[in-house]
1. With 117, 136 as the choices, which residue is in a helix (DSSP H, G or I), within 21 Å of residue 10 (Cα to Cα) and of a type in the set (A, V, I, L, M, F, W, C)?
2. For segment 1-41: of the residues being within 9 Å of the ligand (Cβ to nearest atom), of a type outside the set (Lys, Arg) and surrounded by fewer than 24 Cβ atoms within 10 Å (Cβ to Cβ), which is nearest to residue 58 (Cα to Cα)?
3. Are any residues in segment 165-180 touching a Gly at 6+ places or on another chain (Cβ under 6 Å) and open to solvent by less than 10 Å² (accessible area, probe 1.4 Å), and if so, which ones?
4. Which one of these does residue 178 not meet: (1) more than 12 Å from the ligand (Cβ to nearest atom); (2) without any contact (Cβ under 8 Å) to a residue 40 or more places away in the chain; (3) not polar (S, T, N, Q)?
5. Those residues that are farther than 18 Å from residue 16 by Cβ and either within 14 Å of the ligand (Cβ to nearest atom) or touching a residue at least 40 places away in the same chain (Cβ under 8 Å) (or both), I need them from segment 85-105; list them, please.
6. Please list, ordered by first then second residue, the pairs with beta carbon atoms under 7 Å, 6 or more apart or interchain, first in segment 226-249 and in contact (Cβ under 8 Å) with a residue 40 or more places away in the chain, second among the charged types (D, E, K, R).
7. Test each condition in (1) farther than 19 Å from residue 189 by Cβ; (2) surrounded by fewer than 17 Cβ atoms within 10 Å (Cβ to Cβ); (3) in contact with a Leu (Cβ under 8 Å, 6 or more places away or on another chain) for residue 84 and report the one that comes out false.
8. Name the residue, out of 235, 185, that is buried (at least 20 other Cβ atoms within 10 Å of the Cβ), within 12 Å of the ligand (Cβ to nearest atom) and closer than 16 Å to residue 249 by Cα.
Amino acid sequence: MDLGIRGKRAIVCAASKGLGRGCAEALAAEGVDLIINARGEEALRATATDIAARYGVHVVPVAADITTDDGRRAVLDAAGEIDILVNNAGGPPPGRWQDWDRDDFIKALDANLLSAVALMQATVPGMMQRGWGRVVNITSAAVRTPIPVLGLSNTARTGLTGFVAGMSRDVIKHGVNVNNLLPGLHATDRADSLDGGTAKAEGISIEEARARRQSAIPAGRYGEAADFGAACAFLCSQQAQFIVGQNLLLDGGALNVTM
Ligand code: NAP
């Protein structure tokens with residue numbers, strides 16, 4: 001299917017690896033020019049070079065911390081006018097609900113709520129003026145089913161979900177679609193580190209921790225970044241123009257619910 005977005009321009013945040021990279025690659029495969037971001041310059045440049053070579057699109061890497069004002073400014077300055085925004089940042093650390101203090105919450109809110117809001121506030125008005133835009137926020141399955149050790153994530157991401165529920169319905173009349181993509185377990189560095197945490201907490205090997213978590217997924221495996229990217233590209237497509245303020249769960253069937 002031709003998604004009808006060839007020649008569009010997208011910012012994909014936190015995209016040198018993992019799910020962000022999956023989204024960047026899927027958009028590049030549709031002919032979208034990219035501004036990609038991550039903090040580590042070497043891996044980011046390697047990703048940009050690889051994507052540009054494989055898909056023949058223009059890719060600008062901007063090494064910056066997207067959770068800071070300066071980092072976002074650097075990305076926005078390099079990007080200029082864009083049609084598509086994919087919001088993403090690293091996830092907060094695991095822990096116990098009693099242990100997080102105000103600074104921990106502020107850090108999580110900056111990373112997984114306020115950065116996304118600031119980037120939407122900076123880019124969506126231009127999309128509205130031009131009459132076309134797409135925003136995809138990478139959140140988490142945690143907004144549908146709380147993950148006890150990831151209370152900081154549960155908190156920040158449900159806040160973003162509430163924000164998007166309201167603003168998406170306001171901007172759609174100007175041709176801008178805003179939706180959220182909710183990853184369940186995907187095989188990325190983040191999943192490796194959470195597997196490591198489970199292994200340590202339960203005194204088992206990482207392989208055993210992973211096998212246990214995979215066995216709880218009806219699809220029988222972790223998702224791949226390419227699975228995730230394909231869904232992101234579809235939400236950015238022409239065909240997705242009637243999808244507004246939705247939360248698409250990609251979890252291999254792990255959440256056992258009817259709707
Ligand atoms: P990942 O494999 O660890 O990749 C994270 C990417 O984000 C890297 O490119 C990293 O590069 C970049 N990054 C991290 N912090 C950043 C920052 N402050 N500014 C700019 N770039 C930053 O993580 P992932 O698995 O793709 O996860 C992406 C998001 O989905 C996270 O918020 C995660 O919590 C959430 N999620 C993931 C899963 C899963 O199973 N993988 C499940 C639910 C939710 P640098 O380190 O060089 O900056």
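1. The match here is 117.
2. Restricting to residues being within 9 Å of the ligand (Cβ to nearest atom), of a type outside the set (Lys, Arg) and surrounded by fewer than 24 Cβ atoms within 10 Å (Cβ to Cβ), the top hit is 16.
3. Hits for segment 165-180 are 168, 176.
4. It fails just one condition, (2).
5. 92, 93, 94, 95, 96, 97, 100, 104, 105
6. Final answer for the pair search is 229/25; 233/30; 235/134; 236/134; 244/169; 245/169; 249/144.
7. (2)
8. Values: 235 fails: within 12 Å of the ligand (Cβ to nearest atom).
Being buried (at least 20 other Cβ atoms within 10 Å of the Cβ), within 12 Å of the ligand (Cβ to nearest atom) and closer than 16 Å to residue 249 by Cα holds for just one of 235, 185, which is 185.
The values are calculated or read from the model by the stated rules, or taken from the named source; none is laboratory data. What you see is a predicted model; the values in this text were computed from it and never measured. Please note: Cβ atoms are built from the backbone with ideal geometry, for glycine as well, and neighbour counts cover all protein chains shown. All accessible areas refer to the heavy atoms of the entire protein, side chains included, with ligands and DNA or RNA removed. Shrake-Rupley method; radii C 1.70, N 1.55, O 1.52, S 1.80 Å.
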